[in-house]
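Below: the structure, in structure tokens.
The values are calculated or read from the model by the stated rules, or taken from the named source; none is laboratory data. On a predicted model such as this, the values are computed, not experimentally measured, just so you know. All Cβ positions, even for glycine, are placed from backbone atoms using ideal geometry, and neighbour counts span all protein chains on display. Ligands, DNA and RNA are excluded from the accessible area calculation, which covers all protein heavy atoms including side chains. Shrake-Rupley method; radii C 1.70, N 1.55, O 1.52, S 1.80 Å.
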Amino acid sequence: MADGRPIIFSGIQPTGRKHLGNFIGAIRQYVEGQDRGDPAIFCVVDLHSISVPYEPADLRERVLDTAAILLAAGLDPERCIFFRQSDVREHTELTWLLSAVTSHGDLDRMTQFKEKSGRARELASAALFYYPVLMAADVLAYRATEVPVGDDQRQHVELMREIARRFNARFGEVLVVPELVLPEVGARIMDLQEPERKMSTTGGTEAGTVLVLDDEKTIRKKVGSAVTDSGREVRAAPDKPGVTNLIDILAVARGTGRAEIEREFDGLGYGDFKRAVADGVVELLAPVRERYEELRPDEAGLEATLAAGAEKARAIAAATLVDVRERMGFG
Ligand code: TYM
């Protein structure tokens, strides 16, 4: 951390189906982090994506989709380090080394594993069980001080903090214990149709999940049919999860807070409110989609950007691995 600036690290799974939750909870924070971080490091986590069934021929395409979405959203390779996880082999090596201070019980407690493995626990891949250790290695390899994520990653960040503390206690102060960084508003964007569930392309509803790459008509349709709550007041409250979610979305789109939105729509009905939310989401995402269309066809350019990022990332991670290996007694 040179002159008190944070070292920021975050990762994102490769899919072209990134949604408004990813955008508000995470991607927006990455873009802001570029100017604070020294460095700010962002990674498309293709190694994580093999923890669930996948198509090898698709994987590279999905990495490029994601890379283009992030660049379109405002990541600037001149101001951050942006790369593909599997290009930096130190991540996998550190995963194994960190296993020494990670217990089976730690992993067994992870709610994401329970949710994703579901009833077919016995058939879930070992990779799905091991996912949080690879995630810890991602962050600890860079001695990152801040991890900007959405609320659903809280438990994983807690575990990586514990792994770093245990490593340091056992082998000496080599790793940095990172801080969880959640956005002030929008850390947990909910499904528009089932606002008790988080927005997600794997666990949510199709109609309730706004994709970053949805066109304007689709966005308006999804927001227009969002479930609201009984009553007609535009007010954030625990018994109004649908309206609260829409207030948060509009607050982020406008760059204001909940109170301003509540004041503006005081006395107006849900119809006006939803139209404003749709306008806000279109304004937020349309430029990203347009820019994506320009960037995505240039696969060689995207590959070159990721390769240049990997080189910078490797230099940092390799230095950490030298220290870790030495402390652990390897040659
Ligand atoms: P992924 O790709 O599933 O999610 C990317 C980011 O989006 C956030 N997010 C949400 N935020 C608000 N509301 C939602 N409904 C919502 N859904 C998802 C996630 O919290 C995440 O920040 N495990 C990570 C990937 C990862 C990682 C890392 C993150 C791998 N290694 C190291 C940080 C540091 C994930 O689930 O990505």
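Here is how the numbers come out for the structure above:
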{"quantity": "Within region 104-214, helices (runs of 4 or more DSSP H) holding 3 or more residues that are more than 25 Å from Glu283 (Cβ to Cβ) and near the ligand (Cβ under 9 Å from one of its atoms)", "calculated": "126-140, 154-171"}
{"quantity": "Flag if Glu216 is farther than 24 Å from Tyr30 by Cβ and either touching a helix residue (DSSP H, G or I) at 6+ places or on another chain (Cβ under 7 Å) or of a type in the set (A, V, I, L, M) (or both)", "calculated": "yes"}
{"quantity": "Some residue of region 248-259 being assigned to a helix (DSSP H, G or I) and basic (Lys, Arg)", "calculated": "yes"}
{"quantity": "Pairs with Cβ under 8 Å, 6+ apart, first in region 32-52 and within 17 Å of Ala313 (Cα to Cα), second open to solvent by 40 Å² or more (accessible area, probe 1.4 Å) and near the ligand (Cβ under 9 Å from one of its atoms)", "calculated": "Val44/Gln13; Val45/Gln13"}
{"quantity": "Residue match in region 182-190 (condition: farther than 30 Å from Ile7 by Cβ and in contact (Cβ under 8 Å) with a residue 24 or more places away in the chain)", "calculated": "yes"}
{"quantity": "Where Met135 falls short, out of the listed (1) touching a residue at least 40 places away in the same chain (Cβ under 8 Å); (2) in contact with a Ser or Thr (Cβ under 6 Å, 6 or more places away or on another chain)", "calculated": "(2)"}
{"quantity": "Candidate set from region 74-128 (those that are of a type in the set (S, T, N, Q) and modelled with pLDDT under 95); member that is farthest from the chain's Cα centre (by Cα)", "calculated": "Ser125"}
{"quantity": "Unmet criterion (only one of (1) open to solvent by 10 Å² or more (accessible area, probe 1.4 Å); (2) more than 10 Å from the ligand (Cβ to nearest atom); (3) farther than 21 Å from Tyr131 by Cα) for Arg28", "calculated": "(2)"}
{"quantity": "Matching residues in region 1-25 - criterion: being more than 9 Å from the ligand (Cβ to nearest atom) and part of a helix (DSSP H, G or I)", "calculated": "Ala2, Asp3, Gly4"}
{"quantity": "Test: residue in region 92-99 that is out of contact with any Lys or Arg (no Cβ under 8 Å at 6 or more places or on another chain) and of a type in the set (Asp, Glu)", "calculated": "yes"}
{"quantity": "Residue within region 56-74 that is open to solvent by less than 50 Å² (accessible area, probe 1.4 Å), among the hydrophobic types (A, V, I, L, M, F, W, C) and not in a helix (DSSP H, G or I) present", "calculated": "no"}
{"quantity": "Condition met for Thr320 (under 25 Å from Thr95 (Cβ atoms), of a type outside the set (A, V, I, L, M, F, W, C), at pLDDT 95 or above and out of contact with any strand residue (DSSP E or B) (no Cβ under 6 Å at 6 or more places or on another chain))", "calculated": "yes"}
{"quantity": "Subset tally (residues that are under 26 Å from the mean Cα position of the chain (by Cα), over 19 Å from Ile219 (Cα atoms) and open to solvent by less than 60 Å² (accessible area, probe 1.4 Å)) for region 247-260", "calculated": "2"}
{"quantity": "Selection status of Phe42, assigned to a strand (DSSP E or B) and surrounded by 19 or more Cβ atoms within 10 Å (Cβ to Cβ)", "calculated": "yes"}
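Condition check ((1) modelled with pLDDT of 95 or more; (2) open to solvent by 30 Å² or more (accessible area, probe 1.4 Å)) across all residues:
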{"site": "Ala137", "(1), (2)": "yes, no"}
{"site": "Ala141", "(1), (2)": "yes, no"}
{"site": "Ala144", "(1), (2)": "yes, no"}
{"site": "Val147", "(1), (2)": "yes, no"}
{"site": "Asp151", "(1), (2)": "yes, yes"}
{"site": "Arg161", "(1), (2)": "yes, yes"}
{"site": "Val176", "(1), (2)": "yes, yes"}
{"site": "Val185", "(1), (2)": "no, yes"}
